[in-house]
Amino acid sequence: MTTVRIPAGWPATEDEARAVQDELRGRVVLDEPGPPPGTGRVTGVDVAYDDERDLVVAAAVVLDAAGLAVVAEATAVGRVSFPYVPGLLAFREIPTVLAALDELPCPPGLVVCDGYGLAHPRRFGLASHLGVLTGLPAIGVAKNPFAFTYDDPDTPRGSTSPLLDGTEEVGRAVRTRDGVKPVFVSVGHRVSLDNACAHTLALTPAYRLPETTRRADALCRAALREAAA
């Protein structure tokens, strides 16, 4: 497991972090469809915290998109790099997530974040931030709608409804299991919203959450227990 230092010049205040978001947001690519679902590789990233020890652990798990078998995995541990501020959570996670991705022995393909991309108050959540910094296609698949509104999708798996900020569609609520609460999908970088939703359904053959998120969550929790021991 790689140990990560807080990068030199990393934002230390809310104003500095927002200035970085403002600078990078214009680099988000929204006019590419992204890789077809069920092809190549897809990588889940997730983080876990031990606030008492000031630790954050990130995991990256690469799956074969066709069969969802694990191809590779990596973890990294570091110090929490930014205070807890809603809308700026990426600054707590990015250095460690990047280190975990760098440790992978193969290209990650599409990156699936347990969080948001454009479905963010400043239209620049973790999936967009990570996508811009790495150049990789990225999407966010979140458990909750954040501050946005939506109508409940129809009951069958595959049903969707717009995730809205006023009248602007910032993502979609996607039903991945019949009659089960939807997940909330948004574009991060270099993927269309239709394709992001299709990937989400391809990654959820048996459970509400994508296999990428489930595998990365389990790995980072195990790595946190090891780091904190």
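The values are calculated or read from the model by the stated rules, or taken from the named source; none is laboratory data. What you see is a predicted model, and the numbers here were worked out from it, not measured in a lab. Here the Cβ positions follow ideal geometry from the backbone for every residue, glycine too, while neighbour counts run over all protein chains shown. Only protein heavy atoms, including side chains, enter the accessible area calculation; ligands, DNA and RNA are left aside. Shrake-Rupley method; radii C 1.70, N 1.55, O 1.52, S 1.80 Å.
Structure notes:
- Test: residue in region 134-142 that is in contact with a Ser or Thr (Cβ under 6 Å, 6 or more places away or on another chain) and either open to solvent by 40 Å² or more (accessible area, probe 1.4 Å) or closer than 25 Å to Val29 by Cβ (or both): yes
- Conditions (1) open to solvent by 30 Å² or more (accessible area, probe 1.4 Å); (2) charged (D, E, K, R); (3) under 20 Å from Val187 (Cα atoms): number failed by Asp46: (1)
- On inspection, Ala119 qualifies as touching a Leu at 6+ places or on another chain (Cβ under 7 Å) and either small (Gly, Ala, Ser) or farther than 18 Å from Val71 by Cα (or both).
- So Phe82, is it hydrophobic (A, V, I, L, M, F, W, C), farther than 14 Å from Cys220 by Cβ, buried (at least 19 other Cβ atoms within 10 Å of the Cβ) and at pLDDT below 95: yes
- Tabulated pairs, region 197-213, first more than 13 Å from Pro182 (Cβ to Cβ), second of a type in the set (Phe, Trp, Tyr), C-beta under 6 angstrom, 6+ apart or interchain: none
- Where strands (runs of 3 or more DSSP E) fall wholly inside region 119-229, the ranges with 1 or more residues that are under 16 Å from the mean Cα position of the chain (by Cα) are 138-142, 168-174, 183-189.
- Filtered by the rule that a residue be open to solvent by less than 50 Å² (accessible area, probe 1.4 Å) and either without any contact (Cβ under 8 Å) to a residue 60 or more places away in the chain or not hydrophobic (A, V, I, L, M, F, W, C) (or both), region 8-19 gives a lone residue, Pro11.
- Close pairs (6 angstrom Cβ cut-off, 6 or more residues apart or separate chains): touching a residue at least 24 places away in the same chain (Cβ under 8 Å) in region 127-151, hydroxyl-bearing (Ser, Thr, Tyr) and open to solvent by less than 20 Å² (accessible area, probe 1.4 Å) anywhere: Gly140/Ser186; Val141/Thr200; Tyr150/Ser161
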